[in-house]
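Step one of this worksheet: look at the structure below.
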Amino acid sequence: MRCPGQDTRYWREDAIFEIECPFCGWEIEFFKDDTARKCPNCGQRVPNPRMDFSCAAYCKYAEQCLGNLPPELLAQRGELFRERLELALKALLGSSTQRLEKILQLVHQVENLVKLKKVSPGVSLMAAYLFHLTDEERRAVLEKANVPDPLQKEIHLFLMGLPENPRAEDFL
C-alpha cells in the first residue's frame, strides 16, 4: 500500500509547482514527490517545501503507515525535516547571525547527545531549534516549515517543560 499523498493516481494539478530559490530567487520546478532539487542558477540544494514525510521523522507509527521504508529514505526523512526547519529559521532571522549561531550551537549539542545515547531525535531536536525564539517566531517557523498541528502542540508542551536555562541533556 502506498501513502495516498505520494500515489500519483491521487495527485491534483498542483502536484507540479514552482518556488523561488531562497538563495538566489531563481524559479525551481518541483514535483510533489521530489525531496529536493538543485537550483539551476546557483546550484544550491533546496528541499521541497511541500514534501510532507515530516510525519515519518517523529511518528512512532511511520513504518506501519508508510510501510517498510528503504534505508535511503529512512536516512533522508529526518534530514529533510531538519532542512525545512533551518531554511524557515534562516528566513526568519535574516541577518541576525548571533542568534542563529546560538540556536545552531544548541542544536549541535542536542544532536551529539542523541547520537551518543542512541535515542530518536524526535521532538527534542525540533525543540532545540525553537527554544531561543519567541512564541510568535516559533509559530512563524513551524508554519513556514509545514509542521503539522499535532506535532506543533507536542513541541509546545515539550518546550513548556524545559527549565529557563536548559542544558543540552534537558532536551532528551
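No value in this document is a laboratory result; all are computed from the given coordinates. Predicted, not measured: the structure shown is a model, and the values here were computed from it. For neighbour counting, all protein chains shown are included, and Cβ atoms are generated from backbone atoms with ideal geometry for every residue, glycine included.
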How far apart, in nm, are two points set 7 Å out from the Cα along the Cα-to-Cβ line at A15 and at E136?
-> 4.1
At 10 °C and 1.306 mPa s, grab the translational diffusion coefficient of region 75-164 from Stokes-Einstein with a Kirkwood Rh over Cα pairs, rounded to a whole number in µm² per second.
-> 119
May I ask you to list the lysines whose Cα is less than 21 Å away from that of K115, ignoring any residue fewer than eight positions away on the same chain?
-> K60, K102
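Multiply the residue separation of K115 and R45 by 0.36 nm, subtract the distance between their alpha-carbon atoms, and state the gained length in nm to one decimal. Kindly include the intermediate steps, with their values, before the conclusion.
Values: separation 70, 0.36 × 70 = 25.20 nm, distance 2.50 nm.
Stretched fully, the K115-R45 segment lengthens by 22.7 nm.
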